[in-house]
Amino acid sequence: MIAHARARFDHVAAKRVLKEKYEARMLFALAGGMWRAGPELLTLLAVCPDETAVILDLYENPVQVNIAELELAAQQRWQEQMNGWLAEYTDLSKQR
């Protein structure tokens, strides 16, 4: 019973470490700003009607960006990291 509890705790801790690892990898710099790829940024960029816009970066600095360029970079970063996260999570789940 203790071994099961310890294994469960190790799995939860490993999941947390994995999440922190991939959340850190979502950060990227572009157009003089620092951005975090994710659903929030992608949604904001999807609803911007203009070719360029001034939006706040991760540090709440206003940055004028090309919407298409930032959206492409954010989408690529998001997909790369989510694929890596899924692969590592699948391996972690198999170890339980």
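I need every pair where a residue in the stretch 79-96 that is hydrophobic (A, V, I, L, M, F, W, C) has its Cβ under 6 Å from the Cβ of a residue that is at pLDDT 80 or above, sequence separation at least 6 or different chains. Close Cβ pairs satisfying both conditions: TRP85/TYR22; LEU92/ALA14.
Among the listed residues ASP10, ASP50, which satisfies the condition of being in a loop (DSSP other than H, G, I, E, B) and modelled with pLDDT under 95?
Details: ASP10 fails: in a loop (DSSP other than H, G, I, E, B).
Testing whether each residue is in a loop (DSSP other than H, G, I, E, B) and modelled with pLDDT under 95 leaves just ASP50.
Give the residues of the stretch 59-75 that are within 19 Å of the chain's Cα centre (by Cα), surrounded by 14 or more Cβ atoms within 10 Å (Cβ to Cβ) and not charged (D, E, K, R), sorted by residue number. Once the filter is applied, which keeps residues that are within 19 Å of the chain's Cα centre (by Cα), surrounded by 14 or more Cβ atoms within 10 Å (Cβ to Cβ) and not charged (D, E, K, R), the stretch 59-75 yields ILE67, LEU70, ALA73, ALA74, GLN75. For the stretch 56-84, filtering for residues that are outside any strand (DSSP E or B), out of contact with any Asp or Glu (no Cβ under 9 Å at 6 or more places or on another chain) and not basic (Lys, Arg) leaves 19.
Give the residue that is surrounded by the fewest Cβ atoms within 10 Å (Cβ to Cβ), with candidates limited to residues of the stretch 40-55 that are of a type in the set (A, V, I, L, M) and out of contact with any Asp or Glu (no Cβ under 6 Å at 6 or more places or on another chain).
Filtering the stretch 40-55 down to residues of a type in the set (A, V, I, L, M) leaves 41-42, 44-47, 53-55.
Those left that are additionally out of contact with any Asp or Glu (no Cβ under 6 Å at 6 or more places or on another chain): 41-42, 44, 46-47, 53-55.
On the way: LEU41: 22, LEU42: 14, LEU44: 16, ALA46: 10, VAL47: 7, ALA53: 15, VAL54: 9, ILE55: 19.
Checking each candidate, the answer is VAL47.
Out of LEU86, LEU92, one residue alone is modelled with pLDDT under 95 and surrounded by 14 or more Cβ atoms within 10 Å (Cβ to Cβ). It is LEU92.
Among the candidates ALA37, ALA29, which residue alone is modelled with pLDDT of 95 or more, loosely packed, with under 14 Cβ neighbours inside 10 Å and not acidic (Asp, Glu)? Of ALA37, ALA29, the one residue that is modelled with pLDDT of 95 or more, loosely packed, with under 14 Cβ neighbours inside 10 Å and not acidic (Asp, Glu) is ALA29.
Is it the case that the stretch 51-58 has a residue that's under 18 Å from GLU23 (Cβ atoms) and not β-branched (Val, Ile, Thr)? Yes, because at least one residue in the stretch 51-58 is under 18 Å from GLU23 (Cβ atoms) and not β-branched (Val, Ile, Thr).
The values are calculated or read from the model by the stated rules, or taken from the named source; none is laboratory data. All values derive from a computational prediction rather than experimental measurement. All Cβ positions, even for glycine, are placed from backbone atoms using ideal geometry, and neighbour counts span all protein chains on display.
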